[in-house]
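The values are calculated or read from the model by the stated rules, or taken from the named source; none is laboratory data. All values derive from a computational prediction rather than experimental measurement. Cβ sites come from the backbone with ideal geometry, for glycine too, and all protein chains shown count toward neighbours.
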Amino acid sequence: MNNQMESLKNIWQDSRNKDSGEQDDSGRIIALAKEKMKRAVRMQLATILILTFTLVILCVYFLYGVPLNVTISRIGAILMTAGLVLRILIEFYSIFLASRIDPGETVLKSTRAALSYHRFRKVINGPVTFIIILLYSVGFYMLTPEISLFFSMPVLILIDLSYIVIAMVIIGFVRRTIKKEMIILQEIVQVHHDLTDEAP
């Protein structure tokens, strides 16, 4: 990834130092920028697939696994599923925003779009993700009264404690994915800054 970024910078620097061949160099810069954006979008599509699979499993479980006769458990189920639906919708919207970034557009227009997209993803990958995970976890523990009707206390405690371990694994995976995405997005923003000859 760093080698690709260095290559991109070298191409841009060369194009600034030449009187000819700028169109070809610009084309190579634009192609690399588009490839980075495609990588970011692929990561978002993978997130959508994982979240959709999780949502389907939850819905099947809530519809056929547990009756959800306790009101607090119903609220918990809504928090869990609503959080997943919200994040899926956000990812689709992010892909829509990404589709509006065209490195082949005017430099100023594409740079503004890239910066706007980068800021949006920082918010989504930061506080919004944290809130969704928090609501999902609260929702999970709100299912405890319902689950307690089917399991003994030792098993119930084991289920509640195992969620902490599972949540830590999921949070670690999410953090790694977010870090990779943010590196790609920062490189995209750097490309556009280079094209405008500004410091990020």
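Look at the range 56-68: where a residue is under 20 Å from Ser148 (Cα atoms) and a partner is charged (D, E, K, R) and surrounded by 11 or more Cβ atoms within 10 Å (Cβ to Cβ), sitting 6+ places away or on another chain with Cβ atoms under 8 Å, you get Val66/Glu146; Pro67/Glu146; Leu68/Arg74; Leu68/Glu146. Residue count for the range 74-104 under the criterion of being at pLDDT 90 or above and either farther than 30 Å from Glu187 by Cα or more than 15 Å from the chain's Cα centre (by Cα) (or both): the result is 9.
Condition first: of a type in the set (Ser, Thr, Tyr) and under 14 Å from the mean Cα position of the chain (by Cα). Now tell me which residues in the range 42-73 satisfy that. Full working, then the answer.
If we filter the range 42-73 for residues that are of a type in the set (Ser, Thr, Tyr), which is where we start, we get 47, 52, 54, 61, 64, 71, 73.
Answer for the range 42-73, where residues must be of a type in the set (Ser, Thr, Tyr) and under 14 Å from the mean Cα position of the chain (by Cα): Thr47, Thr52.
A single member of Lys38, Lys18, Lys34 is surrounded by 14 or more Cβ atoms within 10 Å (Cβ to Cβ) and modelled with pLDDT under 85, and it is Lys34.
So for the range 161-172 (the condition being closer than 19 Å to Ile95 by Cβ, assigned to a helix (DSSP H, G or I), under 17 Å from the mean Cα position of the chain (by Cα) and modelled with pLDDT of 75 or more), does at least one residue qualify? No: zero hits.
Of all residues in the range 142-159, those being surrounded by 14 or more Cβ atoms within 10 Å (Cβ to Cβ) and part of a helix (DSSP H, G or I) number 7.
Within the range 115-148, the set of residues being touching a residue at least 24 places away in the same chain (Cβ under 8 Å) and of a type in the set (A, V, I, L, M) comprises Leu115, Ile124, Val128, Ile132, Ile133, Leu135, Val138, Met142, Leu143, Ile147. Within the range 116-127, the presence of a residue that is modelled with pLDDT of 90 or more and not in a loop (DSSP other than H, G, I, E, B) is excluded.
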